[in-house]
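Written below as structure tokens is the structure these notes are about.
Just so you know, all these numbers are worked out from the coordinates, no wet-lab data involved. Worth saying up front: this structure is predicted, and the values here are computed from it rather than measured. Cβ coordinates were reconstructed from backbone atoms using ideal geometry, including for glycine residues, and neighbour counts include every protein chain displayed.
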Amino acid sequence: MTASLIHAASTGTWRLGDRTVNRIGFGAMRLPQHGQAFAPDALPRDRDQAVAVLRRAVELGVNHVDTAAFYFSRTRSANELINRALHPYPEDLVIATKVGPARDASGAWLPMAEPGRLRGQVEENLRQLGLDHLDLVNLRVGGRGSIAEHFGALAELREAGLVRNLGLSNIRPEQLDEAEAVAPVVCVQNSYGLGYRSRQDDFVSACGERGIAFVPFFAIAGAGRESGAGGNDPEELTSVAKAHGAGTVQIRLAWALQRWPHLLVIPGTGDPDHLVDNIAAGSIRLSPEELHRLDTMHRAAT
């Protein structure tokens, strides 16, 4: 594939509230370490390599970077790497972060923050990123229960000018309804991908009908989650990849991008070659027959 075709704008744009982003973004979860994210024994990634990957991503048209203050390894912080690589930030760059959970200095997970502590988490992201406001803050939920008080606390920070747009992460459909009654929601981040959690299809479509971006995490890894993608790809997927001279990861991304116009992918990597491959996936055009085959595979998966 020629260099002119490898650009994050190849699949168009979508609006995140008052900001417009290319539909291929970058997820920073894997940036601070090699191997499984959040593993206590993970080796820190070379800082210069991580910085180079971020800068290359922006050169290739990425203007949506997803991060969090709890993305860190023993000696690396995703926010610190983003700050070092990209500050002063390009005007079109949207940095999305998450609040709610946190990790202590040893890396152990802490309970969901109380609503009154969310301001401190927002301010910590501001400090680490070197910003005076955040473009997008997602409330990371997980589990059942009301989120109105937590989302209301973020809505107050939006009114105060610390946050421009609000989203939700790891939620159930009824929690989106509850949040929208409090303040506008510009995106939903849920675990989803080809052949993974197909039961969410109706929710993905419903987000699009409301003009809400759907941002899948683990779109490549699927059930592998923080460990990354496994090597047991279905025959339907490998045959489509072979027909395009592409990798199965690229086909997973291409499928997601072609299935819904409001779906934004944020594949993450610390490898410059993988970065190029991920962005090149946006130029793959699957035929209607190929999409049908992959959709059938997707719906049949558990």
Here, segment 250-294 modelled as identical Cα point scatterers in vacuum has Debye log10 I(q)/I(0) at q = 0.18, 0.25, 0.31, 0.34 Å⁻¹ of -0.53, -0.89, -1.15, -1.26
What does the charge count near Ala96 come to, summing +1 for each Lys or Arg and -1 for each Asp or Glu among other residues with Cβ under 15 Å from its Cβ?
+3
Return a whole-number percent for the relative contact order of the chain, with Cα pairs under 8 Å and 6 or more residues apart as the contact set.
20 percent
Along each principal axis, Cα extent of the chain, largest first, Å
53, 43, 36
Ignoring solvent entirely, what values of log10 I(q)/I(0) come out of the Debye formula for segment 34-98 at 0.19, 0.22 Å⁻¹ when each Cα is a single scatterer?
-0.73, -0.95
What do you get for the angle between helix 248-259 and the principal long axis of the chain? Use alpha-carbon atoms, 0 to 90 degrees, nearest ten.
70 degrees
For segment 124-204, what Kirkwood radius comes out of the mean inverse Cα-Cα distance, in Å?
13.6 Å
Given segment 3-300, what percent of its DSSP beta bridges are antiparallel, to the nearest 5?
25 percent
Computed over the Cα atoms, what is the radius of gyration of segment 128-273 divided by 2.2 N^0.38 Å, N being its residue count?
1.16
Once every DSSP H run of n ≥ 4 in the chain is given -39500 (n - 2.57) and the sum is divided by its residues, what mean residue ellipticity at 222 nm do you get, rounded to the nearest 500 deg cm²/dmol?
-10500 deg cm²/dmol
With 10 Å bins from zero, work out the P(r) of segment 162-209 over every alpha carbon pair and list the percent per bin.
23, 56, 18, 3
By average Cβ neighbour count within 10 Å, what is the ranking of 14-25, 174-185 from highest down?
14-25, 174-185
